[in-house]
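Chemist: Sharing a structure, written as structure tokens. Questions coming.
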Amino acid sequence: RRAWARARRAVEAAETRPLRRDHARVPGVFRAGLPRAIQRTHSYLRQMWPRVLARITGQPHPSDGEGGRHGVEALARHLSWQERLLNRVLRSGSADRVRFLVLRPGDAYTICSAVGVNDLIGKCRRAAPPKGVNGRASRSASEHWDTYMLRGRDGHFRPVPGLGNVMLSVVSAAAMAVASQRVLLIENYTVAAHSLGPPLSDLLLEHSAWRPFIDRLQASGVAEDWFAAHDNSSAFEQLCATDLRHAPASPLLRVFSNLYFLPTLLLNKHHAAQLNRLAETPLPAPAE
């Protein structure tokens, strides 16, 4: 909390500071200097998560042959655990005790009516939740947020961000899944099935054997939505403070995100030590 308070004060100070001409287009947070809390995550991102991302996307990384890397090994163990758990669930037909983390890459309020990639900029906009008789329309417990936002808006769809933003949210969700001990799945990103290798393609909900169980939980109304996006960051408080191994109680937690929210987990006293250990680079093996 103190770190975020310092960051907020830095931003506020920058916003009120007179601008030099060459700074006129630079956001206030960069004019003020990066907050210490974010500076501490720089080496973390630089050292560890490029390797994690390489493992997620199925691409080789130069360090793969240099001995163990804590974060990559933790993610590999987690994904292996997911696979074993899926096999047990398929044999038993029950996923009653399984807890899921579904990443939905994207924000909360953008809708589009574009017919092609070149049409996206002009045909996408921020939209308010649909209106009902007396203001905002009510949303049923079983209704997916995307379905709710598109209610009464024929010809529109909810977009997925670009590859860079998707990968930032995927890396963050991977760390969150390891910390929370939830099964990681990625929703509404089917393009990756043909463009990126396993295990990312194995995590896509639309092609996963987990889907019937997710659909069942969604229909039962127990899903909980968290938003960690540029237009809705309401989940930041939970990410900073909640013991994700025990909360939320919902077996299906869906996170909407188009940004890198991992720094919030590094401020969480329940998970910071674990995630920092994943970023440590082990000492090289002695020469023979």
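The values are calculated or read from the model by the stated rules, or taken from the named source; none is laboratory data. These numbers were taken from a predicted model, which means no experiment stands behind them. Positions of Cβ are backbone-derived with ideal geometry, glycine not excepted, and every protein chain shown enters the neighbour counts. The area values use the complete protein model at the heavy-atom level, side chains included, leaving out ligands, DNA and RNA. Shrake-Rupley method; radii C 1.70, N 1.55, O 1.52, S 1.80 Å.
Chemist: Hey, among the residues in region 178-215 that are in contact with a helix residue (DSSP H, G or I) (Cβ under 7 Å, 6 or more places away or on another chain) and open to solvent by 40 Å² or more (accessible area, probe 1.4 Å), which one's farthest from Val160 (Cα to Cα)?
Modeler: Only one residue fits best here, namely Ala209.
Chemist: Okay, moving on. Return the residues of region 154-203 that are more than 24 Å from Cys240 (Cα to Cα) and part of a helix (DSSP H, G or I); say none if nothing qualifies.
Modeler: Leu163, Ala192, Ala193, His194, Ser195, Leu200, Ser201, Asp202, Leu203
Chemist: All but one of (1) at pLDDT 95 or above; (2) out of contact with any Phe, Trp or Tyr (no Cβ under 9 Å at 6 or more places or on another chain); (3) within 19 Å of Asp146 (Cβ to Cβ) hold for Asp243; state the number of the condition that does not hold.
Modeler: Failing condition for Asp243: (3).
Chemist: Let me confirm something: among Ala174, Ala193, which residue is at pLDDT below 95 and under 18 Å from Pro251 (Cα atoms)?
Modeler: Ala174
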